[in-house]
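The values are calculated or read from the model by the stated rules, or taken from the named source; none is laboratory data. These numbers come from a predicted model, not from an experiment. All Cβ positions, glycine included, derive from the backbone under ideal geometry; neighbour counts span all protein chains shown.
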């Protein structure tokens, strides 16, 4: 029998150790934030949002020493529960879906890749404009740039037609768009919710995180899902957030990404996932957290003037890279070009973002992806912007080697990544991956200048890989929001779908092959330096070998090396 007096005597020490562990994790997060401050090249949304180093350090140290003081308002006891609307069979979109699937097995779902940014934006706008009953939308980021404003305007106009709009956005970057979101939430037929809100409501993202470090274990867990559902009939999922950079309209850099437009039975599963997140305790009504109506109204007037120049639709190429016409044009003709195939949905539960002493919920999305790869018979092709395989990933690669599988992995080069610390975490595993026979390619913006830019896209735009894809045995395609890293496994909620379609697999394989051929380094063991790697590229028709990692100077190498010593891999 246990001794109650002993338990009482050690309880304070245990509590102290728990608090100390939390503080050490928070300090590691602070190092990550300070690294954001110091580095020159990074994604534009972070560059816009971060404060100065001195300000960030002061806020963070004050929060850590004081134990933190920012807190959320009381939870909204009157939070209304809602679910997907089922009376959609009469809608125009449902009629198009039925016509498109007329010659296929009703048990199969329809799919169409959206690889080009202009087509991907056109698809979302087209669905929003043609929706008659509901729009259910879930994103990690909705920016306050031209694309974000246009997107939110389309949702508002749909609501004005009587469409019920439910918009769920992760709170981490929501402060940038707070007035736009609040303005949308003030409209009839619209409800906006923010997922896993930070205690600190004011300030830019770096300041908000620094002043919320006393709840680091909770705020480190984010909703990374990307989902757009129109009339419960068509859904778009994939890697894209809502911002210029994801639709090839950013300067000077853009993300290379991919979505898939879905219809059929798989959409019912997406609606179930959305409802579960929407009604979770982590989803807070925007009215509790966002600015009050007076400020929103004034901002809305200014924003209306800013939107005046955006009234025309963004340009769309007549054909995408696969030869398909824009989604809007095909919807108007009453039939959409799709591939029909069986599919399986993988989704994390919203409880994965909960803490309160509970263990991390099972990572269904990434686990499902890894299991699909384990079932491969002869080849796995992976594209992921952030790659930190860990021991589990290496074990999967050893298994593939032992089975005689060909494994091809594409990720970002140092010069392309918007997360240098994550790249440094990945760099620890490169030599072992190559030793295990993995064909490792790093996408380089210097090599991959686009000659086939879409309308509105700069031909000199730099490409950063952001697509999350896997092609298994040349017939099964995995696409979604999951990265191959610890955050997707442990901290973020994710969403993906596995599609058994050789036609889609070929389209993705050809796209990735083109990017590999014209814009990547192939890593291989160095010829005269045992244990080292070299980077091989084809430039101007000839093979060029780089003995050191291209695009990484000694100062950046030193800084990354020092910071990485103190940052746990689970934060990358």
Options 362, 356, 391; residue that is part of a helix (DSSP H, G or I), out of contact with any helix residue (DSSP H, G or I) (no Cβ under 6 Å at 6 or more places or on another chain), at pLDDT below 95 and over 27 Å from residue 112 (Cα atoms)
391
Any idea which of 208, 193, 221 is within 30 Å of residue 268 (Cβ to Cβ) and at pLDDT below 95?
221
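Give segment 251-261 a look and list any residue that's part of a loop (DSSP other than H, G, I, E, B) and touching a strand residue (DSSP E or B) at 6+ places or on another chain (Cβ under 9 Å), or say none.
252, 257, 258
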Could you list, in sequence order, the residues of segment 262-292 that are under 22 Å from residue 184 (Cα atoms), in contact with a strand residue (DSSP E or B) (Cβ under 9 Å, 6 or more places away or on another chain) and not in a helix (DSSP H, G or I)?
280, 282, 283, 284, 285, 290
Does segment 411-467 hold any residues that are at pLDDT below 85 and part of a strand (DSSP E or B), and which are they?
462, 463
Looking at segment 473-488, is at least one residue at pLDDT 95 or above, in a loop (DSSP other than H, G, I, E, B) and closer than 20 Å to residue 269 by Cβ?
yes
Among the residues of segment 521-565, write down those that are outside any helix (DSSP H, G or I), surrounded by 12 or more Cβ atoms within 10 Å (Cβ to Cβ) and at pLDDT below 85.
551, 552
Picking from 184, 179, 155, the residue that is under 22 Å from the mean Cα position of the chain (by Cα) and modelled with pLDDT of 90 or more would be 155
Looking at residue 515 and the list (1) within 30 Å of residue 261 (Cβ to Cβ); (2) in a loop (DSSP other than H, G, I, E, B); (3) modelled with pLDDT under 90, which single condition is not satisfied?
(2)
Set 201, 240, 193: member being surrounded by 21 or more Cβ atoms within 10 Å (Cβ to Cβ), part of a loop (DSSP other than H, G, I, E, B) and in contact (Cβ under 8 Å) with a residue 60 or more places away in the chain:
240
State whether the residues of segment 122-137 include one that is modelled with pLDDT of 95 or more and over 30 Å from residue 335 (Cβ atoms).
no
Failed item in (1) surrounded by fewer than 20 Cβ atoms within 10 Å (Cβ to Cβ); (2) at pLDDT 95 or above; (3) under 23 Å from the mean Cα position of the chain (by Cα), with residue 332 passing the rest:
(3)
